[in-house]
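Each reported figure results from applying straightforward, stated rules to the coordinates on display, with no laboratory input. It should be emphasised that the depicted structure is a prediction, and the values quoted were computed from it without experimental measurement. Backbone-built Cβ (ideal geometry, glycine too); neighbour counts: all protein chains shown.
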Amino acid sequence: MREKWYKNLIGARTIKTGLATFLTAWFCLLLHMNPIFAILTAIVTIEPTAKASLHKGYRRLPATVIGVVFAVVFTYFFGDDSPFSYALTALCTIIVCTKFNLQVGTTVATMTALAMIPGIHDAFIYNFFSRFLTAIIGLVTAGLVNFMVLPPKYYAQLDSLINKTESQMYSLYSNRMQQLLIGKFKSDASERALDKVISLNNRVDTLLSYQKDELGYHKHRDKEWIQVRRITSRSHTNRLFITHLSNIIYLPKNVQVVFNSEERLAILKISQSINNIFSTGHFEREKPSASVLKRSVKGLDEFDDNQIKSHIIYEILLIYRILDGLYAK
C-alpha cells in the first residue's frame, strides 16, 4: 500500500518536470539570463510522450516568438506603463497564433509576452533575443529530458484498466440479460454503466496511443511491441463487445419482446458463462444454448413484429461468437 501511495504521489512525469525545471534554470543562470520564461516553457512542454513534447514544441516556439515581437513593438510605441501595450500584445498574439494554427502555444506565448513588458524599458533588441533564447532553452531541455529520462511505460496501467473494463463489461451484460427476461427494456442504470465502460475503454485507447508514440522513438523494443499488440488486440475485442452490448441496451421506445422458456434458459446459461469469465479466466462454451438461439432466429421474420426479438438474439449470438473466437484453443 505504501509503494502504491508513493507512485501515485511522485510519478515519472512529476520527476521529469522537476528535473527539466532545474536544468533550465541552471542553464539560464549560467548565461546570466532571467530563467522564469524558460522555466514556464519547460514546464508546459513536458507531455505524456516524447513525440507529444516535440510536436507541441515545434508550435510553441514560433508562438512565443510572435508574442515577444508584439510585446517589443507595442512597448516601443506606447511604453511599458500603457494599458494599450498589454491589451494589443495579448490581442494580436492570440489572433496571429490562431491564424497560423499555433493554438497549442497561444497561452504560453501570451503570458510570456505580457510578463516581459515591464522589464523591456529601452532594451528592445536585447529583450527580444534573450526571450527567444530562453524559450529555446526551455523547449530543448524539456524535450531532451522527456526523451531520455524515465521513458513512459503504461503497461501496468493498461492491464489494470483492461481488466476493470472487462469485469464491468461482463457484469453489465449479465445484468442486461436479466432485465430483458423480466421485460425491462429501458434501463437508465444500464445506460450509465455502459457510459462508464466506454469511458474506461477510451482511456485504454489513449494510453495505448501514448505507448505506441513513445516506442516509435526508441529502437530495439521488440518485446514491448509484442506486448502492445497483445493489449491492442484485447482493446479492439472489448470495443467490439461493447458495440454489440450497446445495441442491446439502447432499444426503441415501448418495445415488447417475449422469449419462450427454451430461449430464456439458453440466454441465462450464456449470460452466466460470460459473467464468470473474469473470475474463472476462461469462457465456458454453451453450444447447445447457442444452437437454441440460432434455431429461434431462423424461425423469425425480421420484418414483422419479431424484428426487435431477432435483433436481440442476433446481438447475443454475435457476442457469443466474439468470445468463442477470443478464447479458442
Remind me, relative contact order of the stretch 103-227 in percent, using alpha carbon pairs under 8 angstrom and six or more residues apart? 29 percent
Structure shown: which of Lys186/Lys294; Lys184/Lys287; Lys99/Lys153; Lys51/Lys164 lie over 32 Å apart, alpha-carbon to alpha-carbon? Lys99/Lys153
Per residue, the convex hull enclosing the alpha carbons of the stretch 184-310 has a volume in Å³ of 151 Å³
Mean separation of Cα contacts under 8 Å (at least 6 apart) over the residue count of the stretch 230-313, i.e. the relative contact order in percent, is 26 percent
Have a look at Asn163, Leu194, Trp26 and report the one farthest towards the positive end of the charge dipole of the chain, computed about the Cα centre with Cβ charges (Lys/Arg +1, Asp/Glu -1). Asn163
What area, in nm² and to one decimal, does the C-alpha convex hull of the chain cast on average over all directions? 24.2 nm²
For the stretch 28-46 and the stretch 272-290, what is the separation of their Cα centres, given in Å? 58 Å
Mean Kyte-Doolittle hydropathy of 1.0 or higher plus an axial Cα length of 20 Å or more: which whole DSSP H helices in the chain meet both? 12-30, 83-99, 124-148
Using only alpha carbon pairs under 8 Å that are at least six residues apart, calculate the relative contact order of the stretch 32-133 and give it in whole percent. 35 percent
For the chain, what is the charge dipole size about the Cα centre, in debye to the nearest 20, if Lys and Arg each add +1 at the Cβ and Asp and Glu each add -1 at the Cβ? 920 debye
In units of 2.2 N^0.38 Å, what is the alpha-carbon radius of gyration of the stretch 123-264? 1.66
In nm, to one decimal, how far is the modelled label at Ala156 from the one at Phe84, with both set 7 Å along Cα→Cβ? 5.9 nm
Contour minus Cα-Cα span, Leu181 to Ile43, at 0.36 nm per residue, comes to 44.2 nm
In what sequence do Cys97, Cys92 fall when counting other Cβ within 10 Å, fewest first? Cys92, Cys97
